[in-house]
Amino acid sequence: MILVVSEQRAGKLNRATWETIAAAQEMCRVGSLDPAIAIVVIGSKVDAVSSDVAAARVQKIVVIDHQALDAYTPDGYTTALEQAIARLSPSHVLLPHTYQTRDFAPALAARLDRALITDVTGIKAHGREIAFIRPMFQGKLTADAVAQGPGPHVVTFQIGAMRADQAARGDAPAPIEAFGVNIDPSAIRERPEALFQEAKQSVDLTQAERIVSVGRGIKGQEHLPLAQKLATALGAELAASRPICDAGWLPMERQVGSSGQTVAPKLYLALGISGAIQHLVGMKGSGTIAAINKDPDAPIFEVADYGIVGDLFEIIPALMEALKE
């Protein structure tokens, strides 16, 4: 069995969970693995989240509902998952590579004394085993990692490595099974405070369904309002390649790429972006990629579903007029 650990906050599922479900289903297709997949939902009063993920084509949903898990703590989550893993005996434990899992996944792997492979971007067969592809040196190289020793192997998947809409849904909701755990609240060493709030201008691009991203082709900061108008018309977030953010034209939180955010929106519109590898690793998992660039040989066209070779200052107004119609 493959065990997928979902992530939720205040009863709202992080959509990266669906990407991890897609990864589990891909593992079953690529490797000689039992197609049984279970999803574990952790927290307190998580009925809505359980019903949400029950739409996936999986064997079952395992719900760990405990008052001590109402607020996330690494001690609480590690203890609860250790007990669930002991009972379910999965071959792999999969998690989305988020700030939260980066906090507790190493502790969980150490508690289990099992291998941990993080930030995975792809899967492929390696004999009778599975190799997990992960970036190295800020995306300049990739390595094929094969876990050694007995399972379960703990694996985290980079946001955007898989597409959430590729996770197969079942014909009927998966059965939901309550799982009781023993957690001593006094053994939880952390005392959570109010959730950290980003500055008002910050944005989580990983949750955006549409993104308009600008590169050097925008030429100057004074032209950014044109891209913003297009983004607003599309109901999209505005993002950029690294040179734009390095120049201070947009805040660093809007950077897409190996040193910025990794995204997988339904639509990614690249304006004047050449397509350096550091940028491509941050957006290649997008559902539909459209690119506008004057250079017909720009690398961005190698990953684009639709490409327009031309002057973006002529094409953007034309797109705006088409959107109005």
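Here are some notes:
- Pairs, first more than 15 Å from Ala54 (Cα to Cα) and touching a residue at least 12 places away in the same chain (Cβ under 8 Å) in region 1-12, second in a strand (DSSP E or B) and open to solvent by less than 10 Å² (accessible area, probe 1.4 Å), C-beta under 6 Å, six or more apart: Met1/Ala38; Ile2/Ile37
- The set of residues in region 16-31 being open to solvent by 10 Å² or more (accessible area, probe 1.4 Å) and touching an Asp or Glu at 6+ places or on another chain (Cβ under 9 Å) consists of Trp18, Cys28, Gly31.
- Contacts under 9 angstrom Cβ, first residue in region 93-121 being more than 13 Å from Pro74 (Cβ to Cβ) and in a helix (DSSP H, G or I), partner open to solvent by less than 20 Å² (accessible area, probe 1.4 Å) and among the β-branched types (Val, Ile, Thr), 6 or more apart: Leu112/Ile85; Leu112/Val93; Leu112/Val154
- Pick from region 33-70, criterion crowded, with 17+ Cβ neighbours inside 10 Å and over 23 Å from Ala164 (Cα atoms), ranking: modelled with the highest pLDDT: Ile64
- Taking the conditions (1) modelled with pLDDT of 90 or more; (2) open to solvent by less than 40 Å² (accessible area, probe 1.4 Å) in turn, Gly260 satisfies each one other than (1).
- Within region 125-164, being open to solvent by less than 60 Å² (accessible area, probe 1.4 Å), free of Cβ contacts under 8 Å to residues at least 24 places away in the same chain and over 28 Å from Thr288 (Cβ atoms) holds for Ala131, Ala143, Val146.
- For region 71-91, residues that are assigned to a loop (DSSP other than H, G, I, E, B) and either farther than 28 Å from Ala194 by Cβ or open to solvent by 40 Å² or more (accessible area, probe 1.4 Å) (or both) total 5.
- Output for region 294-309, where each listed residue is over 18 Å from Leu234 (Cβ atoms) and either hydroxyl-bearing (Ser, Thr, Tyr) or open to solvent by 20 Å² or more (accessible area, probe 1.4 Å) (or both): Lys294, Asp295, Pro296, Asp297, Pro299, Phe301, Glu302, Val303, Val309
- Qualifying residue in region 63-77 (condition: out of contact with any helix residue (DSSP H, G or I) (no Cβ under 9 Å at 6 or more places or on another chain) and either closer than 20 Å to Arg114 by Cα or without any contact (Cβ under 8 Å) to a residue 12 or more places away in the chain (or both)): no
- Here region 165-182 is the region considered, the condition is being assigned to a loop (DSSP other than H, G, I, E, B) and open to solvent by 60 Å² or more (accessible area, probe 1.4 Å), and the residue that is farthest from Thr262 (Cα to Cα) is Asn182.
- Residue in region 305-322 that is at pLDDT 90 or above, out of contact with any His (no Cβ under 7 Å at 6 or more places or on another chain), β-branched (Val, Ile, Thr) and part of a strand (DSSP E or B) present: yes
- In region 92-117, of all residues being open to solvent by less than 20 Å² (accessible area, probe 1.4 Å) and among the hydrophobic types (A, V, I, L, M, F, W, C), the one that is nearest to the chain's Cα centre (by Cα) corresponds to Leu95.
- Taken over region 241-257, residues that are surrounded by 17 or more Cβ atoms within 10 Å (Cβ to Cβ) and among the aliphatic types (A, V, I, L, M) amount to 3.
The values are calculated or read from the model by the stated rules, or taken from the named source; none is laboratory data. Since this is a predicted model, take the numbers as computed values, not measurements. Note that we place each Cβ from the backbone using ideal geometry, even for glycine, and neighbour counts take in every protein chain shown. Each accessible area value is taken on the protein alone, full model and side chains, heavy atoms only, with ligands, DNA and RNA left out. Shrake-Rupley method; radii C 1.70, N 1.55, O 1.52, S 1.80 Å.
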